[in-house]
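Single-structure report; data block below.
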Amino acid sequence: MEKYSKWRDPATGIQPFLPPVPPRTVSPIFIALLTPFSVFHSIARTILLAIVALVHIILVEGLCLIFIPLPPLYRAISSGITAFTCRTALCLMGYWWITTEMFSPKRGKTGVAQLSKIAPRKGDLIITNWTSYVDALYLAFRHNPTFLLPVFSSSSAHATPTTGRHTGTGSAAISTTLAQPPLLGYLPVSLPALIARTGSLADTYATPPKGMYKTLREARRKEGRPVVLFPEGTTSNGRAVLKFGEGTLAEGDVGGDDEGIVWIKFFKHSPPTPFAPSATCALPTPFKHLIFSTLYTPQPAPSRSLYVRTLHPSAAPSSPSFLPSEILINAPGGLDAAGKDHKAVWREACATVLAETGRVRRVKGMGWVEKKAFLEYWQRSGRR
């Protein structure tokens, strides 16, 4: 909509924060006739989903903790229960089948087929986009990882001018970006807490919070399972990759393969239809979205689609053949996109390959800081 044009990325024209709107091709009278049936089976699925969530919290966040002194046993039991509860929850939401694909720009090379059978394990890092609570449920079901979110300093910073070269527009015009708080580190978040904060902004603190990892390397060494990072810090509507927070994904965190494999995954949801609203949740209302968009459907057994695309490890940032300069040289803005900060080269390269894996574009002018202003305007103006 035009009143939200301020949050349209100038380089791509994409609005990454607006919820996708389904086409109005069905008669309102027909929808009204289906309403009683929709209410009935949606309430039934909501109750079943609440029971599954309660079982997960009691068993995984409660009883399983007695096995923590025995790490292998704890991981095995918690992983099994998590896989069952998360897959059941996805089925209740309509995800009967989830399509996955291993993408490789080096198809046909020797060893590619064998490497594709490797799954993320302890010491590995999974870098992914974030669009919905569905993404978290899938990752928990398949890998039972430790979820990490970047946290930033609450101290204010001055806005910095950038040119079109940095934004990828090719223009030399000067534009002013919002203040980018410096990174403090990475905070582990449990699955229930991550689902509850879907759509929320990245956290800021005056001092480093308890339990925070200062670097990803530290987190990968200390955690007994794979580590998942959402470098965008917040959710989008899935149309593009948001700008990564300043300081994330430094060279020491992702460069080299001595710490394990760095996996790149991209989640893509089907576009909304009159009977199935989009599963993407860009606004900080996950439970409202779950009940009124995901569970409230005319069909008693709805079918939704989720497409998970994974970059092959041979082309990932942990591969010895991965050179950030080669990645960026063909990207909009070239090496200038990283600016004068040499640590930003790896961050920009990771963002580029994430967008290429998902076959979407990047919105370099839109990140969690810009989303904060968007949410403030959204709340003031009311929904649409």
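The values are calculated or read from the model by the stated rules, or taken from the named source; none is laboratory data. Keep in mind it's a predicted model, so treat the numbers as computed, not measured. Every residue, glycine among them, receives a Cβ derived from its backbone with ideal geometry; neighbour counts consider all protein chains shown.
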Conditions (1) modelled with pLDDT of 85 or more; (2) over 25 Å from Ser132 (Cα atoms); (3) out of contact with any Cys (no Cβ under 9 Å at 6 or more places or on another chain) -> Lys106 fails only (1)
Return the residue satisfying two criteria in turn: it lies in the stretch 47-66 and is of a type outside the set (A, V, I, L, M) and surrounded by 15 or more Cβ atoms within 10 Å (Cβ to Cβ), and of such residues it is nearest to Thr88 (Cα to Cα). His56
Which pairs have Cβ atoms under 9 Å, sit 6 or more apart or on different chains, and link a residue in the stretch 363-382 that is within 24 Å of Ala351 (Cα to Cα) to one that is in a helix (DSSP H, G or I) and hydrophobic (A, V, I, L, M, F, W, C)? Lys364/Ala337; Lys364/Ala351; Met366/Trp7; Met366/Phe374; Glu370/Trp7; Lys371/Trp7; Ala373/Trp7; Phe374/Trp7
Hey, among Ile43, Ile29, which residue is surrounded by fewer than 15 Cβ atoms within 10 Å (Cβ to Cβ), aliphatic (A, V, I, L, M) and under 24 Å from Ser305 (Cα atoms)? Ile43
Out of the residues in the stretch 254-282 that are in contact with a helix residue (DSSP H, G or I) (Cβ under 7 Å, 6 or more places away or on another chain), at pLDDT 90 or above and of a type in the set (A, V, I, L, M), which is farthest from Ser132 (Cα to Cα)? Ile261
Of all residues in the stretch 243-275, count the ones that are in a strand (DSSP E or B) and in contact with a Pro (Cβ under 6 Å, 6 or more places away or on another chain). 3
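Among the candidates Arg361, Arg347, which residue alone is among the charged types (D, E, K, R), modelled with pLDDT of 90 or more and more than 26 Å from Lys3 (Cα to Cα)?
Residue meeting the stated conditions: Arg347.
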For the stretch 35-76, give me the residue count where each residue is touching a residue at least 24 places away in the same chain (Cβ under 8 Å) and either within 20 Å of Tyr133 (Cα to Cα) or not hydrophobic (A, V, I, L, M, F, W, C) (or both). 16
Conditions (1) surrounded by fewer than 15 Cβ atoms within 10 Å (Cβ to Cβ); (2) part of a helix (DSSP H, G or I) -> Pro69 fails only (2)
Just to be sure, is Ala240 touching a His at 6+ places or on another chain (Cβ under 8 Å) and buried (at least 18 other Cβ atoms within 10 Å of the Cβ)? no
Count of residues meeting criterion [without any contact (Cβ under 8 Å) to a residue 12 or more places away in the chain and over 30 Å from the mean Cα position of the chain (by Cα)] in the stretch 1-34: 6
Failed item, numbered, when Thr85 is tested on (1) at pLDDT 95 or above; (2) exposed (fewer than 15 other Cβ atoms within 10 Å of the Cβ): (2)
Flagged in the stretch 291-307 as out of contact with any helix residue (DSSP H, G or I) (no Cβ under 7 Å at 6 or more places or on another chain) and either of a type in the set (A, V, I, L, M) or surrounded by fewer than 22 Cβ atoms within 10 Å (Cβ to Cβ) (or both), in numbering order, are Phe292, Ser293, Gln299, Ala301, Pro302, Ser303, Arg304, Ser305, Tyr307
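Okay, residues lined up against (1) in contact (Cβ under 8 Å) with a residue 12 or more places away in the chain; (2) closer than 18 Å to Val360 by Cα; (3) not in a loop (DSSP other than H, G, I, E, B); (4) not β-branched (Val, Ile, Thr):
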residue: Val241; (1), (2), (3), (4): yes, yes, yes, no
residue: Ser278; (1), (2), (3), (4): yes, yes, no, yes
residue: Ala282; (1), (2), (3), (4): yes, yes, no, yes
residue: Ala301; (1), (2), (3), (4): yes, no, no, yes
residue: Arg304; (1), (2), (3), (4): yes, no, no, yes
Residue that is nearest to Phe275 (Cα to Cα), among those in the stretch 1-49 that are in a helix (DSSP H, G or I) and in contact with a Phe, Trp or Tyr (Cβ under 7 Å, 6 or more places away or on another chain): Ser38
Residues in the stretch 208-253 that are under 18 Å from Cys350 (Cα atoms), over 18 Å from the mean Cα position of the chain (by Cα) and among the aliphatic types (A, V, I, L, M): how many? 1
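Run down Gly238, Gly252 and say which single residue is under 30 Å from Val26 (Cβ atoms) and of a type in the set (Gly, Ala, Ser). Full working, then the answer.
Working: Gly252 fails: under 30 Å from Val26 (Cβ atoms).
Exactly one residue qualifies, and that residue is Gly238.
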Give Thr204, Thr215, Thr235 a once-over and let me know the one that is surrounded by 23 or more Cβ atoms within 10 Å (Cβ to Cβ) and either at pLDDT below 95 or not aliphatic (A, V, I, L, M) (or both). Thr235
By residue number, the members of the stretch 80-102 that are out of contact with any helix residue (DSSP H, G or I) (no Cβ under 8 Å at 6 or more places or on another chain) and more than 24 Å from Tyr307 (Cβ to Cβ) are Gly80
Conditions (1) under 27 Å from Val60 (Cα atoms); (2) surrounded by fewer than 21 Cβ atoms within 10 Å (Cβ to Cβ); (3) at pLDDT below 95; number of the one not met by Ala196: (3)
